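Undergrad: Okay, handing you the structure first.
Computed from the coordinates by the stated procedures, all read-outs in this text should not be read as laboratory data. Since the model is a prediction, treat every value here as computed from it, not as a measurement. For neighbour counting, all protein chains shown are included, and Cβ atoms are generated from backbone atoms with ideal geometry for every residue, glycine included.
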Amino acid sequence: MTATAATPRAYDPIDLSSRAFWSASAQERESSFAVLRAERPVSWHPPVEDALMSDPDDPGYWAVTRRDDIVAVSRDNETFLSGKGVLFENVPEELLEASQSFLAMDPPRHTFLRKLVSAAFTPRQVRRIEESIKANAKIIVEELTAAGSGADFVEHCAKELPMRTLSDMVGIPEGERQKVAHAADAMVSWADPIYLNGRQPLEVLFESQMYIHQVAFGLAADRRENPGEDLFSGLVNAEVDGDRLADADIAAFFVLLAVAGNDTTRQTTSHALKALTDFPDQRAWLLEDFDNRIGGAVEEFIRWATPVMTFRRTATTDVELGGRAVRAGEKVVMFYSSGNWDTDVFEHPERLDLSRSPNPHVGFGGGGVHFCLGAHVARAQLRAIIGEVLHQLPDVQAGEPTYVPGNFIHGIRSMPCTF
């Protein structure tokens, strides 16, 4: 019997699917998550309000709110598949792989493509990336300083480093960089009415995806003829057992790189400055021995920000999870923002504690075959940009942020800073 034909279940009284819930503050959402973790760690909910497209056959999804259950789902890729998509809703197949690459794949295809992509991340490539990250971070904070006190920290600092890093990694031409950044923004802003400005979400998504694909095709053709030191040259020429990436696979991975490589660093940088403003004792502690403390501090910034709030899997078989009977074909959504405030795992999660150790956060997912390939690059960017901000502008303070509504990215649209 299919999930849709089975006896309907009652939806949980706590509504995680409404536009109102995702327009509330993180603290307000946490009060709901705390009840669910304590009483109903796996709960059944209706389809989300802000879906890309309506699906009358969508019965809803299971919400997984405890950190240990999130890890269990993440690591059991035979029971909980990614190949149906990682967002709440069912996305058309032609859009799915083209926009989410191996994020929305299962073995063996996932294994094959990930091996090929990993072959391009050589130690030499990583060293080159880290050197450019440090140089870019220094210049970006100098530019923020020149913009003056009161400038928008997101616009002048947080969004700059990930895009410059990506551009350096893959060799995006200077004239295309801002357009690629804008398209990457669009890929995660389809639930934001201010960003859409009356446009249809699917139209914006397709248009942005097609533009990024065109850039990728052009870069791939050029690097086959004129290989260089950049990651794109590595991608088009990488081989595993005699196989290479097809252009369509390269373009899809470029979309994933442009989106995932942008948001984790950008959002965590903004949330980190706000947290350091709100917890001055933690700023002082970090600056007392910055070089030895920043590594652990970055892990706490990622836990605190949880830049990616949700990811979905699909059950392949009937299974028990958190005491609930999940049917084959049903959607299972991991709420990372809840898992990172799980009081069974984190003591006083409501406090920013830069010395927190151990810090088994799920800010890069819960492990398994889909662990974040670019986690080391994100960490390198955060170490560099936070260091430059605190050393060049030791008295910098964050103003009140304006948040982007949505159930996927914990986004800050703008935030003034004073110094």
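Undergrad: For every helix of n ≥ 4 consecutive DSSP H residues, a contribution of -39,500 (n - 2.57) applies; sum these over the chain, divide by its total residues, and give [θ] at 222 nm rounded to the nearest 500 deg cm²/dmol.
TA: One gets -15500 deg cm²/dmol as the mean residue ellipticity at 222 nm.
Undergrad: Using C-alpha positions alone, give me the convex hull volume of region 19-418 per residue in cubic angstrom.
TA: For region 19-418, the hull spanned by Cα atoms encloses 136 Å³ per residue.
Undergrad: Are there DSSP H segments in the chain that both extend 27 Å or more along their axis (alpha-carbon positions) and score a mean Kyte-Doolittle hydropathy of at least -1.0? List them, or say none.
TA: Qualifying helices: 123-147, 201-225, 247-278.
Undergrad: Sort VAL64, VAL35, VAL170 by Cβ crowding within 10 Å, fewest neighbours at the top.
TA: Fewest to most other Cβ atoms nearby, the residues stand as VAL35, VAL170, VAL64.
Undergrad: Okay, next question. Please pull out the direction-averaged projected area of region 121-187, using the convex hull of its alpha-carbon atoms, in nm² to one decimal place.
TA: For the Cα atoms of region 121-187, the hull's average projected area reads 5.1 nm².
Undergrad: Let me ask another. Let me know the longest stretch in the chain that avoids all GluC sites (Glu not before Pro) found in a DSSP loop with at most 12 other C-beta atoms within 10 Å.
TA: The longest such stretch corresponds to 79-228.
Undergrad: Can you give me the Rg/Rh ratio for region 127-251, using Cα atoms for both radii and the Kirkwood formula for Rh?
TA: Rg/Rh: 1.03.
Undergrad: Sticking with this one: Post the alpha-carbon centroid distance, region 133-200 to region 237-294, in whole angstrom.
TA: Result: 13 Å between the Cα centres.
Undergrad: How compact is region 1-73 by the rule of thumb for globular proteins, expressed as Cα Rg over 2.2 N^0.38 Å?
TA: Relative to the rule-of-thumb radius for its length, region 1-73 sits at 1.18.
Undergrad: A follow-up question, please. Taking the inverse of the average 1/r across all pairs of different Cα atoms in region 37-176, what Kirkwood radius in Å do you get?
TA: Hydrodynamic radius (Kirkwood, Cα only) of region 37-176 equals 19.2 Å.
Undergrad: From Cα pairs below 8 angstrom and at least 6 apart in sequence, can you work out the relative contact order of region 19-418, rounded to a whole percent?
TA: So the answer I get is 27 percent.
Undergrad: So which chymotrypsin sites (Phe, Trp or Tyr not before Pro) in region 344-397 pass both tests, a DSSP loop state and at most 13 other Cβ atoms within 10 Å of the Cβ?
TA: PHE371
Undergrad: Holding the Cα-Cα limit at 30 Å, pick out from LYS134/LYS179; LYS179/LYS274; LYS138/LYS274; LYS115/LYS138 the pairs that are longer than that.
TA: Checking Cα-Cα distances, LYS115/LYS138 exceed 30 Å.
Undergrad: Taking the Cβ of ARG40 as the centre, find all other residues whose Cβ is under 11 Å away and add up their charges (Lys, Arg: +1; Asp, Glu: -1).
TA: Net charge around ARG40: +1.
Undergrad: How long, wide and thick is region 321-416, going by the Cα atoms along their three principal axes, in whole angstroms, largest first?
TA: 54, 31, 29
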